[in-house]
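**Q** Shown below is the structure under consideration.
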Amino acid sequence: MTKVDLKFVEGLTLAERASLVTGHDFWFTAEVPGSKKMMLTDGPSGLRKQADDADALGLNDSVDAVCFPCSALTAASFDDDGLLKLGQHLGIAAKAERIGVLLGPGVNIKRSPLAGRNFEYFSEDPLLAGRMATAYVKGVQSEDVGVSVKHFALNNRENQRFTSSSNVDERTMREIYLAQFERVVKQAHPATIMCSYNKINGTLNSQNQRLLTRILRDEWGFTGLVMSDWGAVADHVAALKAGLDLEMPGNGQASVDEIVQAVNEGRLDEAILNRSALRVLKMVERWGSEGEVSDYDKEEQHRFARQLADDGIVLLKNDDQELPLTNDTKLAVIGELAEHPRYQGAGSSHVNAHHLVSPLDAMPAGARYAQGYELTSDQEDEQLTAAALDLAKQSDQVVFFAGFPAAMESEGFDKTSIDLPANQTELLAKLRAVNPHLTVVLQNGSVVAMPWADQVPAIVETYLAGEAVGEATWDILLGRVNPSGKLSESFPFKLSDNPTYPTFDQDKNNENYREGLLVGYRYYDSKHLPVRFPFGHGLSYTSFQYSDLAVKQADGQLTVSFKLTNTGQVAGKEVAQIYVGNRVSMIEKPAKELRDFVKVELEPGQSKTISRVLPRRAFAWYNPEQEVWQADNGEYEIFIGSSVADIRLHQRIDYQLGTPVQVRLTSETYVGDMMKHQTPTIKRALQETGLADKLATILNSDNAAIFANIPLRSLVMAGISPEEVQQLIRLANA
Ligand code: BGC
């Protein structure tokens, strides 16, 4: 292949260049003299390489590939290293299959529990989503396979996803919905970004120059290629101008003709076409893979899929050490999901699994199974119920497999409920009545309401655990593996507790992000609204003690250190979470936000001292007026927790990051704010104008609170003239 540069591009015919910026077909880029075509393939949790009939929704078959756990579960591992290894395995598989770019991971924020694609996304928190995605992308790309990080951006709903507008304020967009993309772009340098279907504040993403060029390239320094989601382009010329390089899957010759005509008619600057054509060629040059498909070790990948699931599965509840199960227990396994597990999501991420091991396949010798309910119905089947109750009565312990049937959640549409089907909850209540030793194992892509949770001693969340679901589930139930997963999203008591409940999917054309920054735990925690299981929650078969918090400021950076001790009887891993609460900035702010986490492995009795540096950004908020990440000097709280609601260590600090709050006085600055955030210049101005004494008198009077709450321009109410105020402002801002 020839080395590609602008000169090479200019040597191609106009039609050849036009062919490059549109997909050759469903999965390939175009081939031009001197450059090969390249294959793109889904997806986040395994390869969906289609040999024949192509589709974007996982309907038709794809090659045999290992199905890894969905992102909802991998994120629950809170393990950067696990995600890096997942990426490497996917990269190895993709390389062997001659795939140039892998379409995924999806890093959109889980804003509503109803969003159809939540299983495919990491978290409601941008730091966690960004860290997981960064590790994943580094892993894949270390195997010389490129990644397309998707879906850029604010694609948080499936219904009307091609047209609906995500309406959001700038600060929320930057802090919650773009931050994880920003991290992955800056730290992992993905080959490509996939632009999503939706609009943002009325502008279609594929035509959004601010998003695709100003933010992505000019601000974040992205140098790769931007491709469209499949069918996301409405006006290809407008899209190219905005910064989209590759339309997928393209519309064959018609797409080529359209671009040629636009150039010939002067509607599209040839330089723009050349720039995008070059980016396509560079992508193929860097990531294109040639030659025959080769083999790779799928059994090894299956073992890794099991390990990854082991690391993510969350032990939600375990009263009186119901778990782990012991070998001598007479065990009943109930629920069709044990036999026909939900182990992956539906849609473009659907994998033709290499080797599915169901919980029934992997259950311990001696355990007995009853189907209990039908997945295809939500009505009770009396015979199945009777057989399940009979078995439960004869057993010491019952493991009940429950979850969302496949028809309930998928890419392409949103859910309408987060309740388990009625036949499952009814059976659960009956089982509980005959045998209180009931463990519920959940299989679901996203948040489940659990009004029955208080009735059962143990609950295990396995999400969609991939093809090793059976082995991994029993690893946890039997204690072969000590659970260490933590929820990457909050589980509210009921759907209506969620802040998006009144607005989600209410308007066909608009999705209004009225809750602003208060997404997920940021809302529940700030509002002191209890949830069923909080963000970051997950139990272990051992216990951990946190101690010795120390916060040090030196050389312009802040180091947090603390000691973690395994105080139980077995080895285990703990995800220690570091949250920061901003108490200084005069803006809306959540009570606390996750700013770092670390997964630590400890033998019984062992202690480790954890030391982490928090970067300036951990204290910053996005100031939309000045278009900067602003970090203010002043008070912050540092929280170390085992979940957002289980804070073990806490310290207030006065942190000087270099930006004093409220540096400029205006006639609308309030007296109280000016006094609270006095810079040396303000202090001097107050002295020089003689207002320091006057204000001190006023602010020491009985009416202090009233005067603190008036702006400078109204100080005439306190006998201070407009001229004095103007002089103060002039001097303070000089
Ligand atoms: C999905 C993408 C996927 C593409 C190709 C689209 O429908 O939104 O995530 O990569 O199809 O299958």
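**Q** Could you check, for the stretch 100-122, whether at least one of its residues is more than 16 Å from the ligand (Cβ to nearest atom), in contact (Cβ under 8 Å) with a residue 12 or more places away in the chain and either closer than 24 Å to ALA468 by Cα or among the β-branched types (Val, Ile, Thr) (or both)?
**A** Within the stretch 100-122, none of the residues are more than 16 Å from the ligand (Cβ to nearest atom), in contact (Cβ under 8 Å) with a residue 12 or more places away in the chain and either closer than 24 Å to ALA468 by Cα or among the β-branched types (Val, Ile, Thr) (or both).
**Q** Continuing with the same structure: Within the stretch 1-21, take every residue that is among the basic types (Lys, Arg) and in a helix (DSSP H, G or I) and give me the one that is surrounded by the most Cβ atoms within 10 Å (Cβ to Cβ).
**A** Among those that are among the basic types (Lys, Arg) and in a helix (DSSP H, G or I), it is ARG17.
**Q** Out of the stretch 226-270, which residues are within 16 Å of the ligand (Cβ to nearest atom) and aliphatic (A, V, I, L, M)?
**A** Passing the criteria: VAL226, MET227, ALA232, VAL233, ALA234, LEU244, LEU246, MET248.
**Q** Considering each residue of the stretch 33-52, count those that are without any contact (Cβ under 8 Å) to a residue 40 or more places away in the chain and either more than 32 Å from the chain's Cα centre (by Cα) or within 13 Å of the ligand (Cβ to nearest atom) (or both), and give that number.
**A** The number of residues fulfilling the criteria is 4.
**Q** Scan the stretch 161-179 for residues that are part of a helix (DSSP H, G or I) and within 16 Å of the ligand (Cβ to nearest atom) and jot them down.
**A** If the condition is that a residue be part of a helix (DSSP H, G or I) and within 16 Å of the ligand (Cβ to nearest atom), then no residue fits.
**Q** State which residue is farthest from the ligand (Cβ to nearest atom) when the search covers only the stretch 206-217 and only residues that are out of contact with any Ser or Thr (no Cβ under 8 Å at 6 or more places or on another chain) and farther than 19 Å from ALA191 by Cβ.
**A** Within the stretch 206-217, the match that is farthest from the ligand (Cβ to nearest atom) is ARG214.
**Q** Evaluate the stretch 147-157: report whether one residue or more is touching a Lys or Arg at 6+ places or on another chain (Cβ under 8 Å) and among the small types (Gly, Ala, Ser).
**A** No, the stretch 147-157 contains no residue that is touching a Lys or Arg at 6+ places or on another chain (Cβ under 8 Å) and among the small types (Gly, Ala, Ser).
**Q** Among the candidates LEU602, LEU594, single out the residue that is farther than 23 Å from SER123 by Cα and touching a residue at least 12 places away in the same chain (Cβ under 8 Å). Step through it out loud before you land on a result.
**A** On the way: LEU594 fails: farther than 23 Å from SER123 by Cα.
Among LEU602, LEU594, only LEU602 is farther than 23 Å from SER123 by Cα and touching a residue at least 12 places away in the same chain (Cβ under 8 Å).
**Q** Please determine, by comparing only the residues of the stretch 235-259 that are out of contact with any Ser or Thr (no Cβ under 7 Å at 6 or more places or on another chain) and farther than 21 Å from VAL284 by Cβ, which one is surrounded by the fewest Cβ atoms within 10 Å (Cβ to Cβ).
**A** ALA254
**Q** Then there is this: Any residue in the stretch 399-406 that is without any contact (Cβ under 8 Å) to a residue 60 or more places away in the chain and either open to solvent by 40 Å² or more (accessible area, probe 1.4 Å) or not assigned by TED's automatic domain parsing to the domain that holds TRP474 (or both)?
**A** Just the residues of the stretch 399-406 that are without any contact (Cβ under 8 Å) to a residue 60 or more places away in the chain, to begin with: none.
So far as the stretch 399-406 goes, no, none of its residues is without any contact (Cβ under 8 Å) to a residue 60 or more places away in the chain and either open to solvent by 40 Å² or more (accessible area, probe 1.4 Å) or not assigned by TED's automatic domain parsing to the domain that holds TRP474 (or both).
**Q** Listed residues GLU411, GLU461; which is open to solvent by less than 40 Å² (accessible area, probe 1.4 Å) and at pLDDT below 95?
**A** GLU411
**Q** Please specify each residue of the stretch 594-633 satisfying the condition of being touching a Gly at 6+ places or on another chain (Cβ under 8 Å), open to solvent by less than 20 Å² (accessible area, probe 1.4 Å) and at pLDDT below 95.
**A** ALA631
**Q** On the basis of being within 16 Å of the ligand (Cβ to nearest atom), open to solvent by 10 Å² or more (accessible area, probe 1.4 Å) and in contact (Cβ under 8 Å) with a residue 40 or more places away in the chain, does PRO190 make the cut?
**A** no
**Q** Looking only at the stretch 150-187, how many residues end up being open to solvent by 10 Å² or more (accessible area, probe 1.4 Å) and on the phi > 0 side of the Ramachandran plot?
**A** 1
**Q** Hey, another quick one. Taking the condition outside any loop (DSSP other than H, G, I, E, B), modelled with pLDDT of 95 or more and open to solvent by 60 Å² or more (accessible area, probe 1.4 Å), does ASP310 pass?
**A** no
**Q** Taking LEU90 as the residue in question, decide whether it is of a type outside the set (D, E, K, R), modelled with pLDDT under 95 and either touching a strand residue (DSSP E or B) at 6+ places or on another chain (Cβ under 7 Å) or within 16 Å of the ligand (Cβ to nearest atom) (or both). Reasoning before the result, please.
**A** Working: of a type outside the set (D, E, K, R): yes; modelled with pLDDT under 95: no; either touching a strand residue (DSSP E or B) at 6+ places or on another chain (Cβ under 7 Å) or within 16 Å of the ligand (Cβ to nearest atom) (or both): yes.
So LEU90 does not fit the description; no.
**Q** Taking the stretch 364-374 on its own, how many of its residues are touching a residue at least 40 places away in the same chain (Cβ under 8 Å) and either part of a helix (DSSP H, G or I) or open to solvent by less than 40 Å² (accessible area, probe 1.4 Å) (or both)?
**A** Summing the residues that are touching a residue at least 40 places away in the same chain (Cβ under 8 Å) and either part of a helix (DSSP H, G or I) or open to solvent by less than 40 Å² (accessible area, probe 1.4 Å) (or both) in the stretch 364-374 gives 3.
**Q** Here's another thing I want to ask about it. Going by the structure shown, is TYR636 open to solvent by less than 10 Å² (accessible area, probe 1.4 Å), at negative phi, in a strand (DSSP E or B) and without any contact (Cβ under 8 Å) to a residue 60 or more places away in the chain?
**A** Working: open to solvent by less than 10 Å² (accessible area, probe 1.4 Å): yes; at negative phi: yes; in a strand (DSSP E or B): yes; without any contact (Cβ under 8 Å) to a residue 60 or more places away in the chain: yes.
So TYR636 fits the description; yes.
**Q** Could you list, in sequence order, all residues of the stretch 414-424 that are buried (at least 17 other Cβ atoms within 10 Å of the Cβ) and either within 16 Å of the ligand (Cβ to nearest atom) or assigned to a helix (DSSP H, G or I) (or both)?
**A** ASP414, ASN423, GLN424
**Q** Inside the stretch 53-148, counting only helices (runs of 4 or more DSSP H) that do not spill past its ends, which hold 3 or more residues that are open to solvent by 10 Å² or more (accessible area, probe 1.4 Å)? Outline the logic, then answer.
**A** Numbers: elements: 71-76, 80-96, 126-141.
Counting at least 3 such residues, we get 80-96, 126-141.
**Q** For the condition within 20 Å of LYS36 (Cβ to Cβ), open to solvent by less than 30 Å² (accessible area, probe 1.4 Å) and not charged (D, E, K, R), what is the one hit in LEU211, LEU281, LEU268, LEU216?
**A** That would be LEU281, the only listed residue that is within 20 Å of LYS36 (Cβ to Cβ), open to solvent by less than 30 Å² (accessible area, probe 1.4 Å) and not charged (D, E, K, R).
**Q** Taking the stretch 566-581, which residues are open to solvent by less than 20 Å² (accessible area, probe 1.4 Å) and either of a type outside the set (Asp, Glu) or within 30 Å of MET674 (Cα to Cα) (or both)?
**A** Correct list: ASN566, GLY568, GLY572, VAL575, ALA576, GLN577, ILE578, TYR579, VAL580, GLY581.
The values are calculated or read from the model by the stated rules, or taken from the named source; none is laboratory data. The structure displayed is predicted, hence computed values, not measured ones. All Cβ positions, glycine included, derive from the backbone under ideal geometry; neighbour counts span all protein chains shown. Remember, those area values only see protein heavy atoms, side chains included, never the ligands or the DNA or RNA. Shrake-Rupley method; radii C 1.70, N 1.55, O 1.52, S 1.80 Å.
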